[in-house]
Each structure stands twice: as structure tokens, then as C-alpha cells.
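Readers should treat all values here as calculations from the given coordinates under stated rules, not as data from a laboratory. None of the values given here were measured: they were computed from a predicted structure. With ideal geometry, Cβ positions are generated from the backbone for all residues, glycine too; neighbour counts draw on all protein chains shown.
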Amino acid sequence: MPVRQRVPLLGAALVATALAALPGCGGPSPLRGAPAVPAPGQSRAPQDFSRQVDVGGGRRIWLSCRGSGSPTVVLEPGLHDSSDTWSLTDTRPPVPKSPAVFPGVAAFARVCTYDRPGTIRYANPPALTTRSTPQTGTRSLAAMATDLDRVLTAGRVPGPYLLVGHSFGGMITRLYAQRHPQKTAGLVFVDAFGTNMRPYFGARWPAYVKLLNAPGTPFDADPGFEQADIDGAVGAVRAAGPLPRVPMAVLSKTEPFAAPAGSPKELLAPLERAWPAVQQALVELGEQTPHLLATGSDHYVQLHDPDLTISAIRLVAGRIRAGR
């Protein structure tokens, strides 16, 4: 099945078998071990690495960083997605085949991404990540934002950060920025989830939340599969302090959410009605925030339009540098 016919329903996982057929589907190759310590007199240029980082409590989280330059860009995947989605592409002309977002951003800035527990690796065959210590049960947005802070701190990733969040990952980066304004240099929302969706669903909202956490992957019944407290996440963002006044950008899809035959139209219809309002609300979070439409793309903008995603990150990085 082509990747453009997969089943993302706002943060639901990609159909893993479709991605497994793509070149480079395994994601970046891990580089074992810690970065080398430079000899006396040598420059302490940042080293590329991919390794597990000890975040305390007997837990480790897989972190990968490349490139150099400030601000450090942090790529946050969507619900159920491992960091692999930042290292894959699914393009068609005139969009170039490469590079993917992760290596593309590494050409001009330090960039890092990581695997949240219970997310899908797009290897062959697809599997839940074993690179980060498994967690069970429903996780709060606060716990996810805390993990982000812990992995960046334990990994000695220099801040402040330009936070890039796809889908539900945008909720994680948003709460992180609210809780750590001094560590936040900028924000890019990639077709991100918002706090203003529930009214569009009415009584169907609980069914939609259930679908988000069980989107029909082979891993839905696995106790280690990532589960999120969606209502609690919305409440956490609303209760937190204001976002810092930093440069922002919003990228949004133009095509419907891809869904197979038989998908519940009573949930798809309100989702499509809600989405323009969700994206506009994100634009209004900042001042003079560019709103870029990924024409022809579905929800996975970073896969279909990696060059546009990279350009948005570069734009915000440039505004951050100019404002210093």
C-alpha cells in the first residue's frame, strides 16, 4: 500500500508495512558509544552521536544528534511515532527526494531527536522501539514534557532550543515551552494538534480519543504501546503559563487525513472541519507567525514536503539569530 494511503488520524501511527518498503526505512544508523573527548588544544566541536541516555529512575532514552550551529533544533515526533519519521521521505515531483528533515537541518544547525517509549520503529519488520526503556499505562503530557527535558539535560544538549513538533508532538513542545521559557528559542508546529478540537466532535469526542490511542496498528494491544491522556493534555496546556514570545512558524496540510475504506465517517468529518481552526489557533499563538500550506500533503508534512519543513525551520532559526 502506498504511503500516501496510510491511516494517520491525527497522531495515529503510520501504516508501518508501507514505510517498511521505502528505501532507508530503518532510520538513521546508530553510532555506538559516547562522543570522543577532544585532546588539549583541539576545538570542542559537537560530535554526531546516536545512543541511549540515562534519564534516571532506571530508564534510558535513545537520543540522536547531528550537525553544529545555534540554536539547537529539537524534532518531536507525533503520537506513536518514533524518531524515524524525521529521517524518511515520501516525495513526488517537484519535491526533491532528499534530504529528509533530520539530515537536512543538520546541514545548518545542531539538531536532535529521540524515541519516546512505546513508539514505532519503521524497520523491516516494523516494531516498537527497544532503544528507550518501555513504559506501560496512559502517559500524561507533563510526563512526556519532563522526559524531553531529562533527555536533553542528560544528553548535554546545549540550549536554548528551537522546538519542532509534529501532530501530538506539538502539544509536547508547547507545554515544554510554557514550563521552560528560558530554554525555548523558537517553535515550529508541523500540522500540530491543538486545544480547540473537542467542540467540533460533540458527543463523539470520547470515540475519537479512543481511536487516537488505538488507531488500528498491529501494536494496539501491546501493553508497551504509547498511550496518551488526551483530555489531560489539553487541560495541562490550558493551565500552564503563557508561551514565551519567540519566533514561530506553522506548517499545515491541504489534503484530507488518509484513511482506509470503512473508516468511521462520523469521526473523519468533524476532524476535517476542526483542522483549519486548529491550525489558525496555532498561528495566533505568536506575533507575525508565518503559516505555510503544504499543498498536496496529508498530515505527514515532514515526509511529503521535507524541503518545505526544513525551510520553515531555517526561517525561524534565522529570526532567532537576528534577534540576539
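Observations on the structure shown:
- Residues whose amide H comes within less than 5 Å of that of Ala228, counting only those at least five positions distant or on another chain, are Arg139 (H built at 1.01 Å from N in the peptide plane).
- Potential extension, Arg245-Thr146 segment - 0.36 nm per residue separation minus Cα distance: 33.5 nm
- Loop-located GluC sites (Glu not before Pro) in the range 193-285 (DSSP state not H, G, I, E or B) with no more than 15 neighbouring Cβ atoms inside 10 Å: Glu284.
- Under-5 Å amide H pairs with Arg121, H placed in peptide plane, nonlocal only: Ala127, Leu128, Thr129
- For the chain, built as a Gaussian network whose Cα springs stay under 10 Å, the top-fluctuating residue of Gly69, Gly170, Gly78: Gly69
- Relative frequency of Cα-Cα separations exceeding 30 Å in the chain, percent: 27 percent
- In Å, descending, principal axis extents of the Cα set of the range 62-158: 43, 34, 20
- Note on Thr133, Thr173, Thr217: ascending count of other Cβ atoms within 10 Å places them as Thr133, Thr217, Thr173, the fewest first.
- Placing +1 on each Lys and Arg Cβ and -1 on each Asp and Glu Cβ, with no other charges, gives the range 133-226 a dipole about its Cα centre of roughly 300 debye.
- In this label model, Thr254 and Glu284 are separated by 2.4 nm, measuring between points 7 Å along each Cα→Cβ vector.
- Label-reachable residues, the range 195-215, where backbone N falls under 18 Å from a point 7 Å from Glu272's Cα toward its Cβ: 200-202, 208
- In this simple spin-label model, placing a label point 7 Å from the Cα along the Cα-to-Cβ direction at both Lys210 and Asp54 gives a separation of 4.4 nm.
- Shown for the chain are the DSSP H helices of 18 Å or more along their axis, judged by Cα atoms, with a mean Kyte-Doolittle hydropathy of at least 0.5: 141-154, 306-322.
- Estimated from helices alone, the mean residue ellipticity of the chain at 222 nm is -9000 deg cm²/dmol (sum of -39500 (n - 2.57) over DSSP H runs with n ≥ 4, per residue).
- Cα-only Debye scattering, the range 214-324: base-10 log of I(q)/I(0) at q = 0.11 Å⁻¹: -0.51
- For Ser132, nonlocal amide neighbours, meaning residues 5 or more places apart or on other chains whose placed amide H falls under 5 Å from its own, are Trp62.
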